[in-house]
């Protein structure tokens with residue numbers, strides 16, 4: 001199976017909250033990341049969390065980490081049409097000074113009026 | 001203006017030709033990476049480099065080559081040995097575990 005798993009699609013109404021979920025397999029992960037990709041563009045680092053944290057909040061974004069279940073979630077409050085994009089979850093561990101992110105397949109978030 | 005610059009943004013290649021994708025960063029990051037993205041797929045690691053003159057194969061290195069002669073540059077060559085090279089290629093760099101990406105290069109083999 002894949003190291004990082006995400007559901008492929010999420011559809012929400014504008015103004016509602018969006019919750020994108022992710023599971024990962026490596027219990028020694030150091031960083032867990034959320035990236036946003038708009039059509040034809042590169043990946044934008046939205047937020048990240050250290051593995052020794054449970055929660056991180058940054059304006060409309062809230063990241064929750066459940067290490068026991070190896071579950072990561074991204075909540076976007078007051079979702080706007082500009083939030084429509086693909087969201088990638090990634091994990092990395094530190095090996096010999098290198099951090100190598102492993103990515104999920106991405107969740108397409110569709111925001112409709 | 002700091003960042004990661006990939007060029008060209010679009011590239012067309014005939015079968016049997018090698019092509020080199022450029023990646024330059026002025027963030028003073030030590031580590032650099034190349035990933036490949038196919039439609040509906042996550043990113044797969046091709047090569048990474050932690051320091052100048054050293055690089056490691058990723059999960060799908062066959063048919064690709066890289067060099068790291070300068071800290072700020074990490075070019076990727078897609079060789080004719082790569083069986084299915086049409087894809088979106090993403091370069092990244094990092095310092096202390098935060099990984100940032102360039103805008104990508106889309107390669108199409110005709």
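Only the coordinates and a few stated rules stand behind these numbers; no lab work does. These figures come from a predicted structure and were not determined experimentally. Positions of Cβ are generated from backbone atoms using ideal geometry, with glycine treated the same way; all protein chains shown enter the neighbour counts.
Classify segment A:42-89 as rounded, prolate or oblate from the Cα gyration tensor: take a ≥ b ≥ c as the square roots of its eigenvalues, call it rounded if a/c is under 1.5, otherwise prolate when a/b beats b/c and oblate if not. Prolate shape, in that a/c is at least 1.5 and a/b is the bigger ratio.
For the pair residue A:38 and residue B:73, label points projected 7 Å from Cα toward Cβ lie 3.1 nm apart.
Residue by residue through A:93-101, how many Cβ atoms from other chains fall within 10 Å of the Cβ on average?
Values: counts 1, 2, 2, 2, 5, 10, 10, 10, 9.
Counting Cβ atoms of other protein chains within 10 Å of each residue's Cβ and averaging gives 6.
The Cα-based radius of gyration of segment A:2-113, divided by its Kirkwood radius, gives an Rg/Rh of 0.96. Look at the alpha carbon pairs under 8 Å that are at least 6 residues apart: their mean separation over the length of chain B gives a relative contact order of 35 percent. Using only the C-alpha atoms, the convex hull of the protein assembly as shown corresponds to 127 Å³ per residue.
Which whole number gives the average count of other chain Cβ atoms within 10 Å of the Cβ atoms across peptide B:43-51? Provide the component values of the computation, followed by the final result.
Working: counts 11, 2, 4, 0, 0, 4, 1, 6, 2.
What the average comes to for B:43-51 is 3.
Normalised by the residues of chain A, what does the relative contact order come to in percent, with Cα pairs under 8 Å and at least six apart?
Numbers: 275 pairs, mean separation 42.7, N = 113.
Normalised by residue count, the contact order of chain A is 38 percent.
How much FRET efficiency would the formula 1/(1 + (r/R0)^6) give for residue A:110 and residue A:59, where r is the Cβ-Cβ distance and R0 is 25 Å, rounded to 0.05? Rounded to the nearest 0.05, the efficiency is 0.70.
A protection proxy built from the mean count of other Cβ atoms within 10 Å ranks the segments B:63-72, B:29-38, most packed first, as B:29-38, B:63-72.
Give me the Kirkwood hydrodynamic radius of segment A:1-68 in Å, from all C-alpha pairs, to one decimal place? It would help to have the intermediate numbers written out before the result.
Details: mean 1/r = 0.0729 Å⁻¹.
This gives a value of 13.7 Å.
With Cα atoms defining each centre, segment A:1-56 and segment B:66-93 are spaced 26 Å apart in the structure.
For chain B, the share of alpha carbon pairs falling in successive 5 Å distance bins from zero is 2, 13, 25, 27, 19, 10, 3, 1 percent.
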